[in-house]
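Only one structure is covered here, and it is reproduced in the block below.
What follows is calculated from the coordinates using simple rules that are stated; it is not laboratory data. Note that the coordinates shown come from a computational prediction; the quantities given were computed from them, not determined experimentally. Cβ coordinates were reconstructed from backbone atoms using ideal geometry, including for glycine residues, and neighbour counts include every protein chain displayed.
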Amino acid sequence: MTDLPLLYTYRRCPYAMRARMALLWAQRPFAGFEIELRDKPAALLAISPKATVPVLQLADGGVLEQSWDIMAWALQDSPVQSAWQRAQAPDMLALLERNDGEFKRGLDAYKYPERQAQPAPREHARDAAVAVCLLPLEARLQHQPYLAGDTPCATDLALWPFVRQFAAVDPAWFAAQALPALQAWLQRGVSSPLFAACMTKLPSNQRVAFPPLLSPAFAAP
């Protein structure tokens, strides 16, 4: 197991979720290290002073500190490399940029209004995120089941954890919104064998081999 890439992770972190999904989907064996946020391991701080997950320490000593870089390493030259290639289209990269920028800021303001420098009613951030980020996804998904077409790509993996987190702030409210295509897309993602596998619970502060994905990543349509 010491020869495996080591992923420092946190089960509920959306950035770590996308990294774990990519590694599992690409059939890349890896070890996981579930950190405790209040007691981050010295080994993580030594290789990545930013001290946020995910961080992947490769067998050759290289270190990947960004989730999208980990996804690239996992998916390129893998059995599902087309999922990475399709995510490089300009419209897919634009979706990623908006998710990791404007939508993430709106999500934080909606979920944690008390942490904002200028607190405002959380509904303001929620409604702005829907208008600017989720409605365009809804329009796109009305014509196809996944962001790049009939099958998932890396962009789906990258966005699912964040839309899931947004929906979880107020599930009843989210379910009542006129976003049927987006809601169906999210359900396909979070109910998939791939997502279930990525959410495997690990013991804290231990290096353990992450269980591989033993079934098809996504159910047949």
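Which order do the peptides 202-211, 114-123 come out in when sorted by mean C-beta neighbours inside 10 angstrom, highest first?
Numbers: 202-211: 14.2, 114-123: 9.9.
Per-residue Cβ counts within 10 Å, averaged per peptide and sorted highest first, yield 202-211, 114-123.
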Can you list residues from other chains, or at least 5 along the same chain, whose modelled amide H is less than 5 Å from the amide H of VAL63? LEU58
Angle check, please: helix 14-25 long axis (alpha carbons) against the longest principal axis of the chain (alpha carbons), in degrees 0 to 90, nearest 10. 60
If I take every Cα pair under 8 Å that is 6 or more residues apart in the stretch 1-155, average their sequence separation and divide by the length, what percent do I get for the relative contact order? 21
For the stretch 47-55, take each phi angle, set θ = phi - 60°, evaluate the Karplus expression 6.51 cos²θ - 1.76 cosθ + 1.60, and give the result in whole Hz per residue in order, putting x for glycine and proline. 9, 8, x, 5, 6, 10, 9, x, 9
For VAL55, which sequence-distant residues (separation of 5 or more, or a different chain) have an amide H within less than 5 Å of its own amide H, given hydrogens modelled in the peptide plane? TYR8
Whichever lysines have a C-alpha closer than 23 Å to that of LYS201, once near sequence neighbours (fewer than 8 apart) are set aside: LYS40
³J(HN,Hα) across the stretch 118-127 via Karplus (A = 6.51, B = -1.76, C = 1.60, θ = phi - 60°), whole Hz, x for Gly/Pro? 10, x, 9, x, 4, 5, 5, 5, 4, 5
Hz values of 3J(HN,Hα) by residue in the stretch 3-12 - Karplus curve (6.51, -1.76, 1.60), Gly and Pro given as x: 8, 7, x, 10, 9, 7, 9, 9, 3, 8
Length gain on complete extension for the stretch LEU96 to GLN144, per 0.36 nm per residue less the alpha carbon to alpha carbon distance? 15.5 nm
Could you rank the peptides 164-173, 35-44, 81-90 by their average count of other C-beta atoms within 10 Å per residue, with the highest value first? 81-90, 164-173, 35-44
